Structures are given as C-alpha cells and as structure tokens.
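As structure tokens, the structure follows; a few thoughts come after it.
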Amino acid sequence: MTGRTHDLAAFTALGFIALTHPLPNITLATGIVAVVANLIGGIAPDIDQPTAPLWRNLPVGGTVGRVFDRLLGGHRFLSHSILGVILFGFGWHYFLKVLTPSFPHLDMTIIWWSFMIGFVSHLIMDTITREGVPWLLPIPVKFGIPPTKAFRVETDGFVEKFVVFPLLFLVNGYLYFLHYGAILNLLHHQIK
Ligand SMILES: [Zn+2]
C-alpha cells in the first residue's frame, strides 16, 4: 500500500475506535497531536523499506533508509510483525514518558494509542497486498488475505487506487454519519 492509503486507513481506524469507545475529556492540543501521531504511526512500519514514502520525502532519506534497511532486515521485516508492534509500543511509550514533564497539556495515553492504532492498521492493510506480512517473526512466513496471492491487492495498482482508497473514504463518511451525535459531543464538550 502507498503512504496515502496507509494514512487514510490509520485515520479511519482512529475514527472508528474514538467514536465507538467512551473518551475522556482532552485538550485541543492532545486532539491535534493525536491525529498527527496516528498518521505517523500509519506509515511508521515502512521504516524498514528504503523505498518507502517515509524515506523518499526526506532530504537524506535514501541513505538513512538503507541503513535502517540493513538493521531491520529489509522489505517488510521486523516492523511488520507482532514483535515489531511490541518493540515500537515500548519505544513509543518511553519516548512519550520522557516528553511528559515538558508537555503537561498533552494526554500521552491518548497519543500513545493513536500512534499504535495507526501502526497496527498498517499491518492489517499490508496483509491484503501481494507481498503479505511476516506477522509471526522470527518465524519467517508471510501471511496474506486471501491466501491466494493473485487475488490480493497490488501496491499502487488499480484496485488500491480505485477500490481500496475510495472505499476507505466511504467508510469515513458512513462512520461520521452514524456517529454524528458523538462527534458533536466531542467537539462541543470533550475538547477543552
Ligand atoms: Zn508496509
């Protein structure tokens, strides 16, 4: 999947979870940082691909990307597995903990979850692509849905652009239509 599709999927997953679970009151700053963290989480697993949009958009991205590629084992490796989710979860938690004293208005729990929701949504989306996802690393088997590769989505191909991406858009629209009251409540009462 391309970065664009991953970001939309991450945002969709965040919207779904935020609208179907009771949320604590948050500051506007928390809301904004949470959405940004979610979008970063949505593309973060591609840190192990030197050709990923994440690296292409940075000035020295190619070189840095290749270093990470070596460290993490190449295309769809450690950061595309349950072990990767756990390691990134701990790392992200520690990072936010260090920042907490400097940003008293941010609810780091919400921000942690937002990033992780984006991260996991990435792995789920990659599972429907031809390449599959090595969920159970270090067991070196890539899983995909459906199991037959030929029926899966080609990255940046026709189905991703004209079916998956528009479908995610529709899901967002439907989600907001369905939970309109909860959105108004969030905007009027829960964001301070
Ligand atoms: Zn990926």
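Between the amide H of Val153 and those of Thr129, Arg130, distances stay under 5 Å, these residues lying 5 or more places away or on another chain, with hydrogens modeled in the peptide plane. For Val67, the accessible surface of its heavy atoms amounts to roughly 80 Å² (probe 1.4 Å, protein chains only, rounded to the nearest 10). Only Cα pairs under 8 Å and 6+ residues apart enter the sum, and on that basis the relative contact order of the stretch 66-172 stands at 22 percent. Taking 7 Å steps out from each Cα toward its Cβ at Val98 and Phe165 produces label points 3.6 nm apart. Applying the Karplus relation 6.51 cos²θ - 1.76 cosθ + 1.60 with θ = phi - 60° to the stretch 164-181 yields 3J(HN,Hα) values of 5, 4, x, 5, 4, 4, 5, 4, 4, x, 5, 4, 6, 5, 5, 10, 3, x Hz, where x marks Gly and Pro.
Over all pairs of different C-alpha atoms in the chain, the reciprocal of the mean inverse distance, the Kirkwood hydrodynamic radius, equals 17.6 Å.
The residues of the chain expose, per residue, 58 Å² of accessible area to a 1.4 Å probe. Residues whose amide H falls under 5 Å from that of Phe143, counting only those 5 or more places apart or on a different chain, are Val133, Trp135, with hydrogens built in the peptide plane.
Database remark: amide H of Ile26 closer than 5 angstrom to the amide H of Ile191, Lys192 (H placed geometrically; neighbours at sequence offset of 5 or more, or on other chains; Pro and chain starts carry no H). Against the chain, whose longest principal axis is taken from its Cα atoms, helix 108-127 shows a tilt of about 30°. With the whole protein complex present, Met125 retains an accessible surface near 30 Å², based on a 1.4 Å probe. The angle between the Cα long axis of helix 61-72 and the longest principal axis of the Cα atoms of the chain comes to about 80 degrees, rounded to the nearest 10. Relative contact order of the stretch 109-192: 17 percent, from C-alpha pairs under 8 Å at least 6 residues apart in sequence.
3J(HN,Hα) along the stretch 95-106: 4, 5, 5, 5, 7, 3, x, 7, 10, x, 8, 9 Hz, from the Karplus curve 6.51 cos²θ - 1.76 cosθ + 1.60 with θ = phi - 60°, whole Hz, x for Gly and Pro. For the chain, take the longest principal axis of its alpha carbons; what is the angle in degrees between that and the long axis of helix 3-20, to the nearest 10 within 0 to 90? Compared with the principal axis, the helix lies near 40 degrees. Only protein heavy atoms count here; on that basis, with a 1.4 Å probe, Ser102 has an accessible area of about 80 Å².
Rolling a 1.4 angstrom probe over the stretch 81-181 with all protein chains present gives an accessible area of which 78% lies on carbon and sulfur atoms.
Cross-link reach is defined here as a Cα-Cα straight distance under 20 Å, omitting same-chain residues fewer than 8 places apart; for Lys149 the aspartates and glutamates meeting it are Asp126, Glu131, Glu160. Estimated purely from DSSP H runs of n ≥ 4, each contributing -39500 (n - 2.57), the mean residue ellipticity at 222 nm for the chain is -18000 deg cm²/dmol once divided by its residues.
The values are calculated or read from the model by the stated rules, or taken from the named source; none is laboratory data. Here the structure is a predicted model, which is why all the values come from computation and not from measurement. Cβ coordinates were reconstructed from backbone atoms using ideal geometry, including for glycine residues, and neighbour counts include every protein chain displayed. Accessible surface is based on the protein model in full, side chains and every heavy atom, while ligands, DNA and RNA are left aside. Shrake-Rupley method; radii C 1.70, N 1.55, O 1.52, S 1.80 Å.
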